[in-house]
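Working notes, structure below.
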Amino acid sequence: MQRGQYLSLGLGISLVALGVLGFVPGLQHPVNAIAAIHGTEVQLGYLFGLFPINPPLNFVYLIAGILGLVGAIGLGGSRVYGRSAFFFFAILALFGVMPGFNTTFGLMPIFGNDVWLHSAIAVIGFYLGFIDTPGLLEIASKAPEDAIPFNGKLQN
């Protein structure tokens with residue numbers, strides 16, 4: 001496995017864990033609170049008392065995490081996952097700081113510490129999708145066992 005695949009796997013595991021932990025009522029403080037934010041009521045809890053979450057946001061984390069696990073299968077898949085994660089979580093981070101959009105129209109709370117979380121995921125996705133490009137020597141570090149040597153002339 002290449003470094004990009006490990007990053008995709010780690011990000012996928014982290015997001016799946018975040019999504020699953022969001023459904024555990026004992027980890028939410030307070031559980032099922034109703035917040036009126038900019039005229040929109042949102043049902044939410046704070047995971048570990050830090051991150052505002054609710055069931056739709058937990059499903060988003062689960063889906064993004066499962067896609068990360070699937071993307072870790074191949075190097076190309078991990079790059080596509082990194083680019084997708086960058087764009088998606090960067091948009092969520094931007095929406096989180098904009099009044100009126102920070103509850104995604106009353107569906108999910110993406111304000112407060114979620115902005116920092118989504119920004120960090122976007123930075124990891126940017127590195128994974130755009131910067132971490134393995135060279136050809138990393139991809140094919142050794143020749144296949146059945147390769148025929150080629151020195152400019154065809155050999156029989």
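Every number here is computed from the coordinates shown, using simple stated rules; none is lab data. Predicted model, so just to flag it, every value in this text is computed and none were measured. Cβ atoms come from the backbone with ideal geometry, glycine included; neighbour counts cover every protein chain shown.
Computed values, structure above
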{"quantity": "Theoretical FRET efficiency, 1/(1+(r/R0)^6), r = Cβ-Cβ of Phe23 and Ile131, R0 25 Å, to 0.05", "calculated": "0.15"}
{"quantity": "Segment 3-134, Cα convex hull volume normalised per residue, Å³", "calculated": "81 Å³"}
{"quantity": "Local electrostatic count at Gly77 - Lys and Arg +1, Asp and Glu -1, tallied over other residues with Cβ under 15 Å", "calculated": "+2"}
{"quantity": "Linear extension gain, Leu69 paired with Leu94, 0.36 nm per residue minus alpha-carbon span", "calculated": "6.5 nm"}
